[in-house]
Amino acid sequence: MSAVLVAAQLALIVLLVATTQPLVTPLANAAAFVLVLAATFVGIAALAANRPGNFNIRPELKPQARLVTDGIYAHLRHPMYLAVLLGLLAALAADPRPWRIGAWLALLAVLLLKATREERLLAQRFAEYPAYAARTRRLLPGLY
């Protein structure tokens, strides 16, 4: 199941990036710029808190994995997924054709499935995970 989720994630990312047409309006340009900045900020904050070697593209945990609950992870359980979604939302803002909106929503569904699988494994490995999950949001601070 994990391999299918990762393959779907990568295919949808490539599809959205490869099919993005040039920005055509100042509003689309501004929206895409803000979204890219937000994605970059969230991604860098996630990497600063969760050092390379601890995270995995697959939802399975590495044998030496540690639970990160500080930095941006004190507010969000899946900031890397949020960074991906924001970055591709920028591509969608630039080129919002209906089928691309569907592709972005499919990516959202794939990442939510990955998050659910990952959270189940984290709860099995780390006794403190349920309490951490109860006080943080999955993807959007204060919302979800």
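What follows is calculated from the coordinates using simple rules that are stated; it is not laboratory data. Keep in mind the model is a prediction, meaning the values are calculated, not measured. Backbone-built Cβ (ideal geometry, glycine too); neighbour counts: all protein chains shown.
Structure data summary
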| quantity | calculated |
| --- | --- |
| Listed residues S2, A28, L86: farthest to the positive end of the dipole of the chain (Cβ charges) | S2 |
| Distance between modelled label sites at L10 and T40, nm, 7 Å Cα→Cβ extension | 2.6 |
| Local electrostatic count at L76 - Lys and Arg +1, Asp and Glu -1, tallied over other residues with Cβ under 15 Å | +2 |
| The stretch 44-144, relative contact order in percent, only Cα pairs under 8 angstrom and at least six apart counted | 36 |
| N54-L143 pseudo-label distance in nm [points 7 Å out on the Cα-to-Cβ vector] | 2.6 |
| Pairwise label distance in nanometres, N29 with L105, each label 7 Å out on the Cα-Cβ vector | 3.0 |
| Between 0 and 90°, nearest 10: helix 26-49 axis offset from the chain longest Cα axis | 20 |
| Helix-only [θ]222 nm of the chain, DSSP H runs n ≥ 4, -39500 (n - 2.57) each, per residue, nearest 500 | -21500 deg cm²/dmol |
| L112/A18 FRET efficiency (R0 22 Å; Cβ-Cβ; nearest 0.05) | 0.40 |
| Scaled radius of gyration (Cα, divided by 2.2 N^0.38 Å) that the stretch 41-144 gives | 1.11 |
| Charged-residue dipole, Cβ positions (Lys, Arg, Asp, Glu), the stretch 27-144 about Cα centre, Debye nearest 20 | 240 |
